[in-house]
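The values are calculated or read from the model by the stated rules, or taken from the named source; none is laboratory data. The model shown is predicted, which means the values in this text are computed figures rather than measured ones. So basically every Cβ, Gly included, is an ideal-geometry build from the backbone, and we count neighbours across all protein chains shown. Heads up: the accessible areas ignore ligands, DNA and RNA and are worked out on the full protein's heavy atoms, side chains in. Shrake-Rupley method; radii C 1.70, N 1.55, O 1.52, S 1.80 Å.
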Amino acid sequence: MKSQCTKLMLAGVALALTCTAQAEDKPVVLGGTIGASVKFATDYVFRGESETVSGEVPAVQASLTWTHSSGTYLGYFGSTNKFEGSPDIYAVVGPYLGKFGTIGDSGFNYNVMAFSYQYPGANRYNYSELYMYLDRDVGPVNLKLEVTPTLDDWFGVDGWKGVNYAIHPKVALAGGWGVDGSVGYQELTGHGAEGWRHWNVGVTKAMWGLNFDLRYHDTDVDSSHKVYGDRDGRKIFKERVVFAVSKSF
């Protein structure tokens, strides 16, 4: 497993170097441009849950996206991953397809994206979601609303369905600084399922061509939670501070 994680890290570094060399060219393919991003973080937190067992493995992520002038885009994402009790999971990857744009002169923007979570070597956990965003500037604040339902069984659990509801406020400040956060509820239905509330707040800074992010995450998951209330499960939902550095090309 360590060797596979190391390969993913090296792949991320290689992608960063490749994209840096190509940053000035911005290749055009089939009427669209190719973009990429790379991120290194102390943890990978998804709706309040640590996807690397509280940073036991490095959080390394990369994505490659083709974007058309019409707002249609497609791409591929990859990240290191680790779940306690599931030793065959070492990464999550997935293709995505979406469309963004504006709604007339209303000031509202939309973004709809289908994403397929795939776990190499552990495909019994594969599932998909449909991200639906609507955002608008309200004074200095950008408010984004999210509704994201599952398209099949959540994390491969028979009969479990989910919808994530969230609000994402964001404020851009002078000097490349920013403040943003998220408050949401991951609804989860099915036999033995239970949802949870999650939230985060962070400070960002664009500097030296990089994006820095320092963020606090927490949830309402406690020892009584049906799914994650056991001792090991609560560990991945405890409050945490995450530092990340990323670059887009």
Largest to smallest accessible area among 201, 163 [probe 1.4 Å] = 201, 163
Using θ = phi - 60° and the Karplus relation 6.51 cos²θ - 1.76 cosθ + 1.60, list the HN-Hα couplings for the range 181-196 in order, rounded to whole Hz, with x at every Gly or Pro.
-> x, 7, 10, x, 9, 8, 6, 9, 10, x, 4, x, 8, 7, x, 7
Counting only heavy atoms of protein chains, what accessible area per residue, in Å², does the chain have with a probe of 1.4 Å?
-> 53
Inter-label distance, nm, simple model (7 Å from Cα along the C-beta direction), residue 224/residue 114 | 4.0
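Around residue 153, under 14 Å between beta carbons, what's the net of Lys plus Arg minus Asp minus Glu among the other residues?
Working: positive: 124, 161; negative: 129, 152, 158.
Charge balance near residue 153 sits at -1.
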Assuming a ≥ b ≥ c are the square roots of the Cα gyration tensor eigenvalues, decide whether the chain counts as rounded (a/c under 1.5), prolate (otherwise, with a/b larger than b/c) or oblate.
-> rounded
Per-residue [θ]222 nm for the chain (sum of -39500 (n - 2.57) over DSSP H runs n ≥ 4, rounded to 500) = -3500 deg cm²/dmol
Taking a label point 7 Å from the Cα of residue 243 along Cα-to-Cβ, the residues of the range 52-90 whose backbone nitrogen sits under 17 Å from it are 55-60
